[in-house]
Amino acid sequence: MELEGHAAQADKLEAIGTMAGGIAHDFNNILSAILGYKQMALRKCPEDSAIYRDLQAVLLGSRRAADLVKQILTFSRHQQHAEQPVQVSLIVKKAAKFLSASIPATVEIRTDLRSDAVILAEPTDLHRIVINLCTNAALAMQDHGGLLELSLAEVGLDASSASKHPGVSPGRFVRLTVRDTGRGMTREVQARIFQPFFTTRECGEGRGMGLAVVHGIVTRCHGAVTAESEPGRGTTFELHLPLVERAAPAVHSPAEPLLTGAGRILVVNDESLVAAMVVDQLKELGYQATACANGPEALEAFAADPRAIDLVVTDMTMPGMTGDVLARRLKELRPGLPVVLCTGYSDRISAETARAQGIVEFAMKPVPMAELSRLVRRALDRG
């Protein structure tokens, strides 16, 4: 019965994730236009003007919306990620230090980190897991205070233990335990905690995405997350994440400037507002740019003179012909044509499969203007 319950929960979350991914695709198209035109408008306004300040407020709201979309895609497991070896204890220590300065003084934090194990994950995702779980724990103890415990240990899961968690294989794991002495949860609440937008908080106090995101990240890492709780007796979350035998590298993220250039670019997007925005951005960067509304229209225009275009920037999900199919048809007419593929959501293609098809650059929307400038420059240089 327990295994059937886990499987039913997994099926339900998968269905919700698919729906969430579709919503995220449409939302990303809207955000692409908002962010794109906002960025161009900011470049034309004096920094001491009232309009500039108003646009900065729009930027802040847009970034919060974009972050929410990323959380939805993380839950639905359709977001692209750059996973790398990460030492879990370093992330937990950093998160605990941050939390000690931000949660009520009536909540005591204790850590018992008995492992320096390395897992394969995105560092920011792992940090988000710890922050989300500990924030929920602190909120559960905000009325009377209590104890928040974070512990790490290395454990093994045999075939019998692993079979209780869909998608988990037997092996060595690092177990992260987050335990609080807060108000706890009923069984009815526990059954829904990993569903997106489910929350027990008052309206306006939470979006209900925190634990859904935790579940999505852990599942993507081929791990498992479970919760045990009783009303008035606190809550314990246990995360099992598979170990890897590699050292965690240092992470460097140097800032890159806005790049300009020259060339003739064809933009293909069925959203007219997004297509017009990308064309305007490319023109501002120095390129000649035109747009087509769909794949068949772009294919017809390109076939008329295959040498008149230096680069194609296409959306993935379009009626009539998807972006990857369009790229293949264009390359039949002109092998070596550089193509940049952008998508807000797709379960058909990833960065790896796109490059295997000869697509030189792949990006998840919304694409900031600075990133667009780098994608285009790299694609033209490779072409």
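Please work out if A356 is surrounded by fewer than 17 Cβ atoms within 10 Å (Cβ to Cβ), of a type outside the set (S, T, N, Q) and within 19 Å of R264 (Cβ to Cβ).
no
Being of a type in the set (K, R) and either in contact with an Asp or Glu (Cβ under 8 Å, 6 or more places away or on another chain) or at pLDDT below 80 (or both) is the filter here, so list the residues in the range 39-73 that pass it.
R43, R63, R64, K70
Only one residue in R114, R175, R183 is surrounded by fewer than 15 Cβ atoms within 10 Å (Cβ to Cβ) and of a type in the set (K, R). Which one?
Every option except R114 fails the conditions.
Could you tell me which of the residues T177, T226, T219, T181 is at pLDDT 80 or above, under 20 Å from T106 (Cα atoms) and among the β-branched types (V, I, T)?
On inspection, the qualifying residue turns out to be T181.
Can you go through L126, L147, L120 and tell me which one is in a helix (DSSP H, G or I), modelled with pLDDT of 85 or more, assigned by TED's automatic domain parsing to the domain that holds R179 and among the aliphatic types (A, V, I, L, M)?
Going through L126, L147, L120 in turn, just one is in a helix (DSSP H, G or I), modelled with pLDDT of 85 or more, assigned by TED's automatic domain parsing to the domain that holds R179 and among the aliphatic types (A, V, I, L, M): L126.
Restricting to helices (runs of 4 or more DSSP H) lying wholly in the range 291-363: which have 1 or more residues that are basic (K, R), over 21 Å from S32 (Cα atoms) and touching a residue at least 12 places away in the same chain (Cβ under 8 Å)? If you could, list the steps in order and put the result at the bottom.
Details: elements: 295-304, 323-333, 351-356.
It comes to 323-333.
Can you tell me which of L273, L258 is at pLDDT 80 or above, assigned to a loop (DSSP other than H, G, I, E, B), more than 30 Å from D116 (Cβ to Cβ) and not assigned by TED's automatic domain parsing to the domain that holds I30? Spell out the reasoning first.
Values: L273 fails: assigned to a loop (DSSP other than H, G, I, E, B).
Testing whether each residue is at pLDDT 80 or above, assigned to a loop (DSSP other than H, G, I, E, B), more than 30 Å from D116 (Cβ to Cβ) and not assigned by TED's automatic domain parsing to the domain that holds I30 leaves just L258.
Within the set of pairs 6+ apart or on separate chains, which have a first residue in the range 89-102 that is surrounded by fewer than 16 Cβ atoms within 10 Å (Cβ to Cβ), a second that is charged (D, E, K, R), and C-beta atoms under 6 Å apart?
Cβ pairs passing all conditions: none.
The values are calculated or read from the model by the stated rules, or taken from the named source; none is laboratory data. Please read all numbers here as calculations on a predicted model, not as lab measurements. Ideal geometry is used to build each Cβ from the backbone, glycine not excepted, and the neighbour counts take in all protein chains shown.
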